[in-house]
Structure formats: C-alpha cells, structure tokens
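The values are calculated or read from the model by the stated rules, or taken from the named source; none is laboratory data. Model, not experiment: these values are computed from the prediction. Here the Cβ is made from the backbone with ideal geometry for all residues, glycine too, and neighbour counts use every protein chain on show. Surface accessibility is based on the protein's heavy atoms, side chains included, excluding ligands, DNA and RNA. Shrake-Rupley method; radii C 1.70, N 1.55, O 1.52, S 1.80 Å.
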Amino acid sequence: MQDQVNLGALLDAMRGNPPLVQCITNFVAMNIAANVMLAAGASPAMVHAEEEAGEFAAISGALTVNIGTLSPGWLAGMLAAVRSANHAGKPWVLDPVAHYATAFRRKAVAQLLELRPTIIRGNASEIIALTGGNSGGQGVDSRDPVDMAEDSARQLASRHGCVVAVTGATDFVTDGHKAQRVEGGSPLMPRITALGCSLTCLVGAFAATAPGNPFDATVAALAVFAVAGEQAGAAADGPGSFSWRFLDVLATLDAETLTAKARVVVA
Amino acid sequence: MQDQVNLGALLDAMRGNPPLVQCITNFVAMNIAANVMLAAGASPAMVHAEEEAGEFAAISGALTVNIGTLSPGWLAGMLAAVRSANHAGKPWVLDPVAHYATAFRRKAVAQLLELRPTIIRGNASEIIALTGGNSGGQGVDSRDPVDMAEDSARQLASRHGCVVAVTGATDFVTDGHKAQRVEGGSPLMPRITALGCSLTCLVGAFAATAPGNPFDATVAALAVFAVAGEQAGAAADGPGSFSWRFLDVLATLDAETLTAKARVVVA
Amino acid sequence: MQDQVNLGALLDAMRGNPPLVQCITNFVAMNIAANVMLAAGASPAMVHAEEEAGEFAAISGALTVNIGTLSPGWLAGMLAAVRSANHAGKPWVLDPVAHYATAFRRKAVAQLLELRPTIIRGNASEIIALTGGNSGGQGVDSRDPVDMAEDSARQLASRHGCVVAVTGATDFVTDGHKAQRVEGGSPLMPRITALGCSLTCLVGAFAATAPGNPFDATVAALAVFAVAGEQAGAAADGPGSFSWRFLDVLATLDAETLTAKARVVVA
C-alpha cells in the first residue's frame with residue numbers, strides 16, 4: 001500500500017525556502033512560467049546560453065528543460081545544464097514538447113533521455129510517442145486521453161529509472177512501480193498556452209525541495225495545479241480571466257486548502 | 001458585385017477542424033498570439049529553427065511569418081518554412097513589421113516577397129512603404145491612416161498576386177480587384193502590444209481552413225478581431241483589462257453573433 | 001538644496017511626443033515591458049540583432065539594455081546598439097540582471113560598463129555586487145534591502161559618471177552628488193516577473209524625453225511606477241489581478257495625480 005503524499009507539508013517546505021530553479025523553457029512559456037513560479041512561491045531563473053547554463057545549474061536547486069521552441073544553440077545550453085545538474089546531483093525535469101513532430105526534435109529528445117532525467121512531464125501524445133507508440137498528437141496539442149498513455153508511462157519510467165507524469169483531464173504519475181492519479185483542474189486549461197510548460201517548472205521547484213523524493217514532488221506540483229485550476233476555473237468566464245485568476249489562486253493557496261481539496265488516488 | 005463573405009460558416013468550419021498553424025513570430029507576440037489562436041479555436045505551433053521549420057511547414061495547414069524581432073538565424077528558418085509551404089501548396093501570411101526601419105529588414109522582406117506570400121497583413125505605414133511610398137511610420141507604430149494606404153494595397157496585391165490587408169481603425173482588404181472594409185475594434189487595441197501580430201496568426205488559421213479563398217479567409221479573421229475587439233473594448237477600463245476580456249470574448253464568440261455584428265462593406 | 005522634480009510636466013512631455021525607445025531586453029520581459037511602455041504612452045521597439053541594432057539605435061530617442069537572458073549573439077547586438085547610441089548622443093540605460101551569477105554575465109557587464117551607461121537600474125543585490133560588495137542575491141532575486149545598497153549606488157554613480165537607481169520597497173536614485181528616495185508601489189510587485197525590467201524601459205522613455213537630465217528622468221519613471229503600483233495594489237487580489245490593473249492605471253494616470261500622489265524625498 002502506498003502512502004499518501006503530504007501535499008501541504010511539501011508546499012510549506014517549498015515556500016519556506018524558495019528554491020532557485022533554472023528553467024530552460026520556450027519563448028511562449030517564458031513569462032507565464034516565471035509568473036506561475038513566483039505566484040506559487042518559487043524563485044525561477046531563465047538562463048539558457050551554453051556559456052553559462054552549466055555554471056548556473058550547479059548553483060540551482062533544480063533544472064527544467066523544455067524543447068518547445070528548440071534550436072541548436074538552445075539544445076547546446078540544455079545539454080550543458082543537464083550535465084552540470086547531473087554532476088552536482090541536482091534533479092532535472094524533461095518536457096519533451098511535440099518531440100514526435102520532426103527529426104530534429106526526436107534526435108534532441110533522444111540525447112536528453114540518455115542523460116537520465118529525474119522526471120519527465122508530458123501530455124498523453126508525447127508520452128505515448130516516447131515509447132514508440134502511435135500517438136495522435138497534432139503539433140503541440142495532445143489528441144490522446146491520459147489513460148491511453150498509462151502503460152507507456154510505466155514502461156518509460158522503468159526503462160529510464162525516472163518518474164513520469166502524464167497530464168491532462170486527470171493526471172497520472174508513476175515511477176514504474178507505484179502510480180497515482182491527480183484529479184481536478186479546469187477544461188479551460190488547454191485553452192491557455194504554456195500552462196503545461198509552466199507546470200514542468202513547478203515540478204522542478206518541488207523536486208528541488210524534495211530531491212530525494214521526485215515522485216512525491218511531482219504529485220505535489222500536479223495537485224497544486226489541479227486545485228488552483230479548479231478554483232480559478234470556477235470563477236472564470238473564459239481563458240483570459242482564467243489566466244490571472246489562476247495566478248491569484250496560486251499565490252493564496254495554503255497548505256490546509258491544498259490538502260483538503262486535492263484529489264489524489266492510488267492507481 | 002461582390003458576394004458577402006459567409007463569416008459565421010468560416011468560423012464554424014475553422015473550429016470544427018482546428019487547423020495546425022505554424023507561427024514564426026516575434027518574441028513579444030509569442031504568448032499573446034498563441035493565446036489568441038487557442039481562444040479562437042485554432043491550433044498554433046511556434047516552430048522556427050532552420051533545422052525543422054521546413055519539415056514542420058509541410059505538416060501544417062498554414063504558415064505565418066512575422067519579422068518583428070528578426071535575426072539571421074530566424075530569417076533562415078522563415079525562408080526554409082516558406083519554401084516548404086510553397087512546395088506543399090500551403091498558404092502563408094507575411095507580416096512585414098517595421099520593414100522600412102533598417103537595411104537588414106528591407107532586404108529580408110524583399111527576399112520573402114520574392115517567395116510570393118498568399119496574404120500580406122500590415123499597418124498603413126508598412127503597406128505604404130512596401131510600394132515605395134513615403135510612410136510616416138516610427139519604429140513599429142503606424143503613423144498613417146488606413147485610407148492613405150488603400151492605393152498601395154491595391155498595387156501590392158496586383159504586383160504580387162496576393163491578398164493585402166491593411167489594419168487599423170477601419171481595415172481594408174484587397175486582392176487587387178475587389179476590396180472590402182471591416183469596421184469595428186477598439187481604440188484600446190493599439191495600446192496593447194502584438195495584437196496585430198496575433199491577428200496575422202489568425203489570418204493563417206482561416207487561410208488553412210479556406211486555402212482556396214484567401215480573400216474571404218482574411219476578411220473573416222479581421223471580422224472576428226473587429227467584433228471581439230469592440231465587445232471587449234466596451235467592457236474594458238484600459239489596456240490591461242482589455243487583453244483578458246478580448247480572449248474571453250474570442251472564446252465565446254459564436255457564428256451567429258459574428259455574422260450579426262460584423263460590419264463588412266464593399267470598398 | 002535640491003529642486004523637486006516636476007513629475008507631472010515630465011509625464012505630459014513624454015506623452016505629448018511619444019519617444020521611440022529601443023528596448024533590448026530579455027525573453028521573459030518582452031511582452032510585459034512593451035505593454036507597460038504602450039500603456040504609459042511611450043513607443044517601444046524590440047530590436048536586438050547585431051545586423052540592425054546599431055542602425056536602429058541611431059533613430060531611437062533612447063536605448064535600454066537588459067542582460068536577463070543573455071547569449072553571445074545578443075551581447076553583440078547590445079554592444080553595437082550602445083556604441084551607436086553613444087555616437088549619436090542618445091541616452092542609454094543598463095539593467096545588469098543577476099550579473100553576479102556567472103562569469104559570462106560578469107564579463108558582459110564589465111564590457112557594457114566601459115561604454116558608460118547614462119543610467120543604471122538594478123535591485124539592491126545587483127548594485128552592491130557592481131561595486132564589488134558582498135551581495136546576497138539568489139538567481140535573479142534580490143535578497144538585500146535597498147538601504148544597504150545606497151553607498152554602493154553613490155560610488156557607482158561617481159565612478160562611472162552616471163545616474164544609479166536601486167529599486168525595491170523604497171527606491172533610491174543618485175548621480176553621485178544628490179540623491180532622492182521614491183516611496184510607494186506594492187508588496188505584490190516582486191511577485192510579478194519582469195516588472196523591474198519593464199521599469200528599465202520606462203526609464204529609457206523618460207530619458208529620451210529629458211536627455212539633458214537623466215536624474216529627473218529616472219525619478220519620474222520610478223514615481224510613475226510607485227504611484228501606479230500603489231493604486232493597482234490597493235485593488236488587486238493577487239499577482240494576476242495586479243498585472244492587468246497596473247496597465248489600466250498606467251494608461252489613465254494623469255500628471256495631476258502623479259504630482260499629488262508621488263512621494264519623492266531628498267536623501
């Protein structure tokens with residue numbers, strides 16, 4: 001039997017000592033991801049150039065790598081940062097945005113996977129395609145339900161010795177052995193760009209707070225998004241008003257509310 | 001006599017089969033453009049690197065190219081994407097942001113124009129300058145009224161065999177033969193950055209939906225912006241509240257309202 | 001005895017002839033900085049490539065340079081723009097984001113400082129570190145109070161013959177001789193990313209309006225932020241609602257309100 005993750009305690013721990021997280025993310029996500037991190041209580045830094053990415057990773061609590069708007073120069077910075085994080089024993093999170101779409105992306109993700117991410121977070125189409133499955137992804141949007149990706153997630157986690165999170169209407173998290181589902185959120189969330197990318201950064205923040213327990217860290221980050229998303233969605237009139245309400249809720253969400261409202265179940 | 005564009009039918013058609021649109025746009029516009037596309041019902045993908053831009057253009061329904069924050073690497077990606085779109089018979093839209101400002105920009109736009117855009121969307125200063133006229137543009141802001149650019153737009157459309165849209169207080173669209181004006185919007189719109197760039201992406205979405213009719217596609221995208229902008233502007237207290245209200249309105253705007261509220265007239 | 005800066009007159013002068021400001025800033029700040037500039041009444045242009053940055057600086061009223069997401073290509077563009085601004089006698093503002101974090105950043109800032117910025121704006125940790133002091137900065141976030149940076153600011157201003165602004169809960173501005181403090185703002189402001197970067201751009205706008213008086217220009221920009229931030233903060237429920245309210249307030253703030261509400265004191 002699996003223990004429940006102590007979500008509230010993790011949230012308080014993260015905020016009590018705001019982790020510096022190096023976020024190498026895409027141009028679309030940069031601003032909203034930084035705002036999500038600050039609202040939630042973390043300390044993001046967008047540092048990507050090969051000339052400094054490795055040096056910065058060594059002083060960060062965690063690293064997140066997102067290939068959304070990839071180019072060769074950025075890939076070089078990602079690889080330098082990951083090698084440094086690995087050398088320093090810092091957790092790092094891979095977000096393989098639309099990696100199935102082009103040869104350039106597939107090759108980049110293969111290189112990154114060889115460097116053993118601590119956690120992989122993607123949508124169902126991305127996770128299915130990472131195990132060679134036939135995904136229905138179109139561009140950057142998932143066209144597959146999360147439950148179709150559960151087997152792929154377990155395989156991927158076992159193969160690479162990492163935690164895998166598939167996010168969507170109901171999220172699925174596994175380390176290859178145990179697994180949990182996180183319910184909540186809002187149907188508006190896929191209508192706002194880069195929320196998944198922002199969640200990847202927040203996973204990094206919790207991983208920095210609990211480096212010895214990436215499974216719990218991932219569940220906690222997903223639960224924060226699920227509860228805040230549900231509350232923001234209930235008050236929003238559309239994707240525009242969702243976005244700012246989501247940041248307001250993230251900033252005021254407390255440990256007690258998180259623990260009470262989160263719907264995390266063993267899978 | 002020109003037929004009226006069936007705006008509502010085009011909106012429903014676009015949403016019924018959300019087109020994947022490759023948007024190569026500037027760093028300022030990335031996030032708001034993606035959010036505008038998602039709110040309106042399209043599927044944007046920001047893919048720019050020369051290593052994959054061509055491959056991605058071939059699987060996209062349309063391509064949009066915006067030179068707002070141009071650099072040589074991005075120009076190479078744009079050219080690769082455009083050549084691929086042309087080869088695959090996909091429509092592409094050019095947004096020649098402040099092309100008159102520097103020699104680098106002028107040369108880049110000349111290269112792009114040679115590749116025969118399906119549609120060009122710009123402000124009055126940009127369109128006037130594209131035909132060699134004396135524009136009053138300062139930086140990226142138009143200083144010329146749209147009606148001063150109508151002759152330039154007709155010339156440009158005839159010369160390049162494309163549709164030209166001049167956007168401003170009242171928009172003007174022409175294919176060199178017929179022309180229509182689209183009224184609406186809000187005086188707040190020029191106070192929010194990158195709305196024009198976002199509109200270029202939405203033009204791409206409609207062009208993907210109606211590849212055989214870029215004139216109607218352009219009018220439809222402009223009408224969506226004009227109606228949504230007018231509604232958002234009526235409720236907004238300033239540029240900040242306009243932005244999120246605009247996304248909310250875009251997401252809820254239906255075909256019936258669009259058809260009823262749009263003010264499109266033959267020019 | 002120092003004269004009080006005529007804040008309202010400077011705001012009206014800036015809006016009466018909106019200055020074109022070339023903003024070379026980071027990917028996180030691009031959108032919000034442009035929106036802040038447009039809301040306040042300035043005309044921003046994000047032009048960074050080495051191929052055109054110098055040419056554009058010569059036609060701009062002022063230049064701002066921010067190293068938040070630095071890379072070698074961007075540094076080359078910054079240096080080209082700065083040399084051109086200097087040659088044309090245009091003021092330029094340096095924002096040395098987290099320059100203490102890596103060797104790459106330290107070297108870049110040393111190069112930029114040699115080119116004699118008109119104004120430097122940073123947080124306390126950044127300004128302390130620029131004079132070789134022991135700063136507590138973590139990543140891009142200041143961990144030092146502004147008053148700990150006042151001596152550093154005076155030294156820095158004297159050494160480089162420039163104006164130095166340290167921004168935080170209470171801002172401090174000095175040219176090495178005189179100094180003023182600007183009170184106001186909101187505790188929410190550090191919870192929103194890139195507001196400091198946006199302020200740097202607005203300092204550039206006022207510097208373009210009053211090129212002969214960078215001290216007054218800096219105080220005016222800081223006062224605008226302090227008053228608008230205080231008003232937006234009073235109405236906001238969190239960082240999300242602060243952001244759009246801040247833009248609304250910036251757009252409607254008039255000279256009379258600015259003069260009445262600003263709390264600027266001689267230091």
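Only protein chains counted, 1.4 angstrom probe. Which residues of segment B:42-82 are at least 50 Å² less accessible in the assembly than when their chain is isolated? Those residues are B:His48, B:Glu51, B:Glu52, B:Glu55.
Let me confirm one metric for peptide B:254-265, namely the mean number of other chain beta-carbon atoms within 10 Å of its residues' beta-carbons.
Other-chain Cβ atoms within 10 Å of each residue's Cβ, averaged: 0.
For segment A:182-235, what class follows from the C-alpha gyration tensor (a ≥ b ≥ c being the square roots of its eigenvalues): rounded when a/c is under 1.5, otherwise prolate if a/b is larger than b/c, else oblate? Prolate.
For a straight C-alpha distance cut-off of 26 angstrom, the lysines reachable from B:Lys90 (same-chain residues fewer than eight places away being disregarded) are B:Lys107, B:Lys178. Computed over every Cα-Cα pair of the protein assembly as shown and binned at 20 Å starting from 0, the pair-distance distribution P(r) comes out as 17, 52, 29, 2 percent. The overall shape of chain A is rounded: from the C-alpha gyration tensor, with semi-axes ordered a ≥ b ≥ c, the ratio a/c is less than 1.5. In terms of the mean number of neighbouring beta-carbon atoms within 10 Å, the peptides C:201-214, B:108-121 order highest first as C:201-214, B:108-121.
Evaluating 6.51 cos²θ - 1.76 cosθ + 1.60 at θ = phi - 60° for every residue in segment A:62-68, the Karplus couplings come out as 7, 10, 10, 10, 10, 9, x Hz, glycine and proline recorded as x.
Calculated accessible area for the protein assembly as shown comes out at 32 Å² per residue, all protein chains present (probe 1.4 Å; ligands, DNA, RNA ignored).
Counting from the shortest, the label point at A:Gln4, 7 Å from Cα toward Cβ, is 5.9, 6.0 nm from the same position in each remaining copy. Within segment A:82-127, the percentage of alpha carbon pairs spaced more than 15 angstrom apart rounds to 44%. Name the residues of segment B:163-195, by number, that are at least 40 Å² less accessible with every protein chain in place than in the isolated chain; the surface is that of heavy atoms, probe 1.4 Å, without ligands or nucleic acids. Those residues are B:Arg191, B:Thr193. Summarising the strand pairing of chain C, around 45 percent of its internal DSSP beta bridges are antiparallel.
Distances from C:Ala103 to the same position in the other copies: list them in nm, one decimal, shortest first, using label points 7 Å from Cα along Cα→Cβ. Label-point separations across copies, in nm and ascending: 3.7, 3.7. Bridgeable aspartates and glutamates around A:Lys261 (alpha carbons under 13 Å apart, same-chain partners fewer than 8 residues away excluded): A:Glu183, A:Glu230. For segment A:98-177 versus segment C:154-185, the spacing of their alpha-carbon centroids is 50 Å. In segment C:85-132, burial by the other protein chains removes 30 Å² or more of accessible area from C:Ala101, C:Thr102, C:Phe104, C:Arg105, compared with the chain on its own (1.4 Å probe, ligands and nucleic acids ignored). Would you mind telling me the share, in percent, of accessible area of the protein assembly as shown contributed by carbon and sulfur at probe 1.4 angstrom? About 50 percent, which is the carbon plus sulfur part of the accessible surface. Take the accessible area of C alone and of A alone, subtract that of the pair with a 1.4 Å probe, and the total buried over both chains is about 2200 Å².
Per residue of peptide C:21-32, the mean number of Cβ atoms on other chains within 10 Å of the residue Cβ is 6. For segment A:1-108, the Stokes-Einstein estimate of translational diffusion at 20 °C and a viscosity of 1.002 mPa s comes to 146 µm²/s, using the Kirkwood hydrodynamic radius over alpha-carbon pairs. The alpha carbon gyration tensor of segment C:67-183 gives principal lengths a ≥ b ≥ c with a/c of 1.5 or higher and a/b no greater than b/c, which makes the shape oblate. Surface listing: B:Lys107, C:Lys90 arranged by accessible area from highest to lowest gives B:Lys107, C:Lys90, probe 1.4 Å. A helix-only calculation puts the protein assembly as shown at -16000 deg cm²/dmol for mean residue ellipticity at 222 nm, using -39500 (n - 2.57) for each DSSP H run of at least four residues, averaged over all residues. Percent antiparallel among DSSP beta bridges with both residues in the protein assembly as shown, to the nearest 5? Rounded to the nearest five, the antiparallel share is 45 percent. Once C-alpha pairs closer than 8 Å and six or more residues apart are averaged by separation and normalised to the residue number of segment C:143-267, the relative contact order reads 25 percent. For segment C:7-266, the relative contact order works out to 21 percent when only alpha carbon pairs closer than 8 Å and six or more residues apart are counted.
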